[in-house]
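Down below is the structure, laid out as structure tokens.
Quick note: the coordinates plus some simple rules give every number you see, no bench work behind them. These numbers were taken from a predicted model, which means no experiment stands behind them. Positions of Cβ are generated from backbone atoms using ideal geometry, with glycine treated the same way; all protein chains shown enter the neighbour counts.
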């Protein structure tokens, strides 16, 4: 059952990667269709392209994390490092959207959401670190 869930999540991450790349190509047209206000369009485009490297980095880290989980390598230090990268990617997106929300105010909701997501990922990462320490201690116990 868990293997199906991991495969489904891997597929979702793959689709998100494709959507992010497709968005990079289609974003100028999509923004023009979405909003007629020139300043807002520019702000959205700047925010999207500034956030794209962070989003793709986070997706690659999630892909690697899921591959590790599929290989039953869950409580490993490398997984905690991957989660740290994902959390800092959240900060990068929050900073990029914070820098542009002045010209398109709804971006503040993305900023706040990503800041909250940063906190959630950090808490989960801290749980992983604690579980990894317990696992390593138990592995040394005969």
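Just a few scattered comments:
- Among 41, 78, a tally of other beta-carbon atoms within 10 Å of each Cβ gives an order, fewest to most, of 78, 41.
- Only helices enter this figure: runs of n ≥ 4 DSSP H residues, each worth -39500 (n - 2.57), summed and divided by the residues of the chain, yield -31500 deg cm²/dmol at 222 nm to the nearest 500.
- Fewest-first ranking of 57, 97, using other Cβ atoms within 10 Å as the exposure measure: 57, 97
- Rg/Rg_ref, the chain, where Rg_ref = 2.2 N^0.38 Å and atoms are Cα: 1.26
- Model label points for residue 115 and residue 81, set 7 angstrom from Cα along the Cα-to-Cβ axis, are 3.0 nm apart.
- Taking the chain and dividing mean pair separation by its residue count, relative contact order in percent (alpha carbons under 8 Å, at least six apart): 25 percent
- Using a Förster distance of 41 Å, the FRET efficiency for residue 25-residue 126 (Cβ separation, nearest 0.05): 0.60
- Per the Cα gyration tensor, the range 34-110 maps to an equivalent ellipsoid with semi-axes of 33, 11, 8 Å, ordered largest to smallest.
- When only alpha carbons are used to place a centre, the range 89-142 and the range 1-78 end up 15 Å from one another.
- Simple spin-label estimate for residue 12 and residue 138 gives 2.6 nm between the two label positions (7 Å along the Cα-to-Cβ direction from each Cα).
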